[in-house]
1. Sorted by average packing, counted as other Cβ atoms within 10 angstrom per residue and highest first, what order do 230-239, 199-208 take?
2. Taking the Cα centre of each part, how many Å lie between region 110-133 and region 64-101?
3. Efficiency by 1/(1 + (r/R0)^6): what FRET value for residue 45 and residue 168, r their Cβ-Cβ distance, R0 = 30 Å, to the nearest 0.05?
4. Take the alpha carbon atoms of region 161-187, find their center, do the same for region 204-240, and report the distance between the two centers in whole angstrom.
5. Is the shape of region 32-98 rounded, prolate or oblate, going by the alpha carbon gyration tensor and its root eigenvalues a ≥ b ≥ c, with a/c under 1.5 for rounded and a/b larger than b/c for prolate?
């Protein structure tokens, strides 16, 4: 099954990584860069990606080799939707600090969003080989790639591996639920996502994934109830329900059995 763009975004949304803002004391020029970088980071955290881009660029003019400013600029460009510029600056950040995982993971995420799945697989595998076992991000990202390649068995094994090492890995649990729903196991998906949806720290996609799982299972009333509890208007709710009906029929058509049927 080919994933529509909306579901691609849902799978990879949880794979984004943050970074620590470690700003060394490197003299007056470095101090000016560090101050600009701190302000830029605060601006980005406040949701102003465009303002953060300008401030990170100022910091980089003062110190072009500052890893944190380069990484921050790439993150701001990513949030602004400028994936090509973000790719360039994440690559530069990775060159400045080859041991760092954040640039590699987000380059893998960009490759996934752009459907360069071989590149994404290579980058996530590289990150997995270097990451601490308790870090679920490479496993979650690689799982998303396998899902998009049509291999949910491998994907779900990776999500479960991440959860075995980190039971609190909410992104892994979210992706596992969506993967189960889209591979014809909506009842199992509901079990995973219903519990997760009660967690205040759950990814924002969780409730929509739960609605999808109910819809694929054929429980339209429960699906509608979940959707109405969010911020969708009635027209959007009905459009989602129709989409879930279409998915349900597509998933149940090839097989005579399975729990994709009501």
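1. Working: 230-239: 11.8, 199-208: 15.5.
Final packing ranking: 199-208, 230-239.
2. Their Cα centres are 16 Å away from one another.
3. 0.85
4. Between the Cα centres of region 161-187 and region 204-240 lies a distance of 19 Å.
5. oblate
Where a number appears in this text, it was derived from the coordinates with a stated rule and is not lab data. These numbers come from a predicted model, not from an experiment. Counting neighbours? That spans all protein chains shown, and the Cβs are built from the backbone with ideal geometry, glycine included.
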